[in-house]
Amino acid sequence: MTHADGMLALNAFNPQSGSTTAPATRALIERRRNTFGDGVPLFYRDPVHFVSASGVWLRDQDGLEYLDAYNNVPSVGHCHPRVVEAVSKQVATLNTHTRYLSDVVTSYAERLLGTLPRELSKVLFTSSGTESVDLAMRLARLYTGGSGFIVTRFAYHGHSTAVAEITPAFGLGVPIGINVRLVDAPAGYRQDAPVGIKFAQDVAAAIADMERHGIRFAGLILDTVCSSDGLFVDPPGFLKDAIATVKKAGGVFIADEVQPGFGRTGEGMWGFERHRIVPDIVVMGKPMGNGMPIAATVTRADIMQAFTERSGYFNTFGGNTVCCAAASAVLDVIESEGLINNAKETGASLKLGLEQLKGQHQCIGDVRAIGLYAAVEFVLPDTKTADTDMALHVVNTLRQKRILISTCGPAGNILKIRPPLQFSRQHCDLLVTAIDDVLHMR
């Protein structure tokens, strides 16, 4: 693997691998390398060239359809007509920034805040999850007076200079900040202690280590389903003790909802809800606009006040009228199509199918799922030793069968299944049957 064995190396195309890629695709790959360099990886041993999409399907240059079981950014489905219409209408009417009054922008802000706990009453729009996390870190520092942050050991939160310092998933080539401490993800599959108790103990130890080194604690930043670490979701409520520890130490809890948010868990709009906690700050990203560049940071009034007393905020593209029109349409679709309930019911069917595979194939060590987010962990038989080769074999063979998923986790041995929220039980059956076929062929 390249890129210092970090997240970007997982399921990455290797141009030296002798791929069977067609000549036209190889030519496009070379053009891409000539313009971007080698630091922007492609998925799969045999990369795919897509030219159109709709719903849960993508189409390649030959018109062949691929089932999308991976992409969460088009959260309500690729090219959803309602979102397309909203964007087209707004871009033909007005597209400007937030220093002018706009009913489109303000109305969307009110709708968004209405999906969150009452305490979270202030929102700032950005263009990406990275910007939202960066802004959340500024809010936390000004509110607490601290500079120390805690993240999980293979977390991914973004790619700006500040956020990369709290993103260990980038690997050894991107150093962790000196004021950052890493803790194990609450991984019930690989530990004996109750996950909630151990996670709280680890957070307390990290805070104590900061204090010993003269670092004032600012906050815990956590993806509330631990996506990059390998998807750890159970039992509900396991975060409560850790958050109590954070508050007692004077820090804030920043919930990274870029991946679990907007109904993906099937248990409400936000991933933190199932833990019966209210974060101090919530960040969200592009699923809120179905791929349009809009994201947000939401917080309490007192935290926002500590920020605005010392700094104003302006973002040329964050919260522009076109992106807010798209984001408002996303809320319309989630509500009108019952996508949160679909995530719950379809996700239960997906989880059942994957658990049945676990009973038939020794190479599957664990299945973890919540709503339309599932992980299948491959291990060597009769052990818990990560089997990265098996995961890559499954991912790349499914790609040949025109089904798209990828991997996650430090060893890259975990299938990451995260489809658009329009996924149906029939799509689940296609996916589970294909995985079963691949495992029987191995």
Of the residues that make up segment 209-220, is at least one in a loop (DSSP other than H, G, I, E, B) and in contact with a helix residue (DSSP H, G or I) (Cβ under 6 Å, 6 or more places away or on another chain)? no
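Does segment 139-149 contain at least one residue that is loosely packed, with under 14 Cβ neighbours inside 10 Å and more than 23 Å from the chain's Cα centre (by Cα)? Outline the logic, then answer.
Restricting attention to segment 139-149, the residues satisfying the condition of being loosely packed, with under 14 Cβ neighbours inside 10 Å are 145.
Now narrow it down to the ones that are more than 23 Å from the chain's Cα centre (by Cα): 145.
Yes - at least one qualifying residue is present in segment 139-149.
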Which is within 24 Å of Gly291 (Cα to Cα) and either open to solvent by less than 50 Å² (accessible area, probe 1.4 Å) or out of contact with any strand residue (DSSP E or B) (no Cβ under 8 Å at 6 or more places or on another chain) (or both), of Gly37, Gly55? Gly55
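Taking the condition of being aromatic (Phe, Trp, Tyr) and either loosely packed, with under 10 Cβ neighbours inside 10 Å or more than 14 Å from Ala329 (Cβ to Cβ) (or both), how many residues in segment 91-112 meet it?
Step one: filter segment 91-112 for residues aromatic (Phe, Trp, Tyr), giving 100, 108.
Remaining after also requiring either loosely packed, with under 10 Cβ neighbours inside 10 Å or more than 14 Å from Ala329 (Cβ to Cβ) (or both): 100.
Of the residues in that region, 1 qualify.
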Quick count over segment 382-406, residues being without any contact (Cβ under 8 Å) to a residue 60 or more places away in the chain, open to solvent by less than 20 Å² (accessible area, probe 1.4 Å) and in a loop (DSSP other than H, G, I, E, B), is 0
Being small (Gly, Ala, Ser) and in contact with a strand residue (DSSP E or B) (Cβ under 6 Å, 6 or more places away or on another chain): is that true of Ala242 here? no
Scanning segment 359-375 for residues that are closer than 26 Å to Gly237 by Cα and outside any strand (DSSP E or B) gives Ile370, Gly371, Leu372, Tyr373
Can you tell me which residue within segment 372-381, out of those that are over 14 Å from the mean Cα position of the chain (by Cα) and either open to solvent by less than 10 Å² (accessible area, probe 1.4 Å) or charged (D, E, K, R) (or both), is farthest from Lys416 (Cα to Cα)? Val379
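Does segment 113-145 hold any residues that are of a type in the set (Gly, Ala, Ser), more than 24 Å from Glu335 (Cβ to Cβ) and in contact with a Gly (Cβ under 7 Å, 6 or more places away or on another chain), and which are they? Working first, answer last.
So in segment 113-145, the residues of a type in the set (Gly, Ala, Ser) come out as 114, 121, 127-129, 132, 136, 140, 145.
Those left that are additionally more than 24 Å from Glu335 (Cβ to Cβ): 127-128, 136, 140, 145.
Within segment 113-145, Ser127, Ser128, Ala140 qualify.
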Can you name the residue in segment 254-270 that is part of a loop (DSSP other than H, G, I, E, B) and of a type in the set (Asp, Glu) and, of all such residues, is nearest to Val283 (Cα to Cα)? Glu257
For Gly261, are the conditions met, namely being of a type in the set (Gly, Ala, Ser) and under 23 Å from Gly318 (Cβ atoms)? yes
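From Phe378, Phe423, grab the single residue that is more than 24 Å from Glu345 (Cα to Cα), at pLDDT 95 or above and among the aromatic types (Phe, Trp, Tyr).
Working: Phe423 fails: more than 24 Å from Glu345 (Cα to Cα).
Exactly one residue qualifies, and that residue is Phe378.
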Of the numbered conditions (1) modelled with pLDDT of 85 or more; (2) touching a strand residue (DSSP E or B) at 6+ places or on another chain (Cβ under 9 Å); (3) open to solvent by less than 70 Å² (accessible area, probe 1.4 Å), Gln61 satisfies every one except a single condition; which is it? (3)
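Arg425 - would you say it is open to solvent by 10 Å² or more (accessible area, probe 1.4 Å), basic (Lys, Arg) and in contact with a Leu (Cβ under 7 Å, 6 or more places away or on another chain)?
Values: open to solvent by 10 Å² or more (accessible area, probe 1.4 Å): yes; basic (Lys, Arg): yes; in contact with a Leu (Cβ under 7 Å, 6 or more places away or on another chain): no.
Here the answer is no, as Arg425 does not meet what is asked.
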Per the filter on segment 132-165, residues among the aliphatic types (A, V, I, L, M) and assigned to a helix (DSSP H, G or I) are Val133, Leu135, Ala136, Met137, Leu139, Ala140, Leu142, Ala162, Val163, Ala164
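If you scan segment 214-239, which residues turn out to be open to solvent by 50 Å² or more (accessible area, probe 1.4 Å) and either touching a strand residue (DSSP E or B) at 6+ places or on another chain (Cβ under 9 Å) or within 20 Å of Phe272 (Cβ to Cβ) (or both)? Show your work before the answer.
Of the residues in segment 214-239, the ones open to solvent by 50 Å² or more (accessible area, probe 1.4 Å) are 214, 216, 234-236.
Once the filter is applied, which keeps residues that are open to solvent by 50 Å² or more (accessible area, probe 1.4 Å) and either touching a strand residue (DSSP E or B) at 6+ places or on another chain (Cβ under 9 Å) or within 20 Å of Phe272 (Cβ to Cβ) (or both), segment 214-239 yields Arg216, Asp234, Pro235, Pro236.
The values are calculated or read from the model by the stated rules, or taken from the named source; none is laboratory data. Worth saying up front: this structure is predicted, and the values here are computed from it rather than measured. A quick note on method: Cβ atoms are made from the backbone with ideal geometry, for glycine too, and the neighbour counts reach across all protein chains shown. Accessible surface areas use protein heavy atoms only, side chains included; no ligands, DNA or RNA. Shrake-Rupley method; radii C 1.70, N 1.55, O 1.52, S 1.80 Å.
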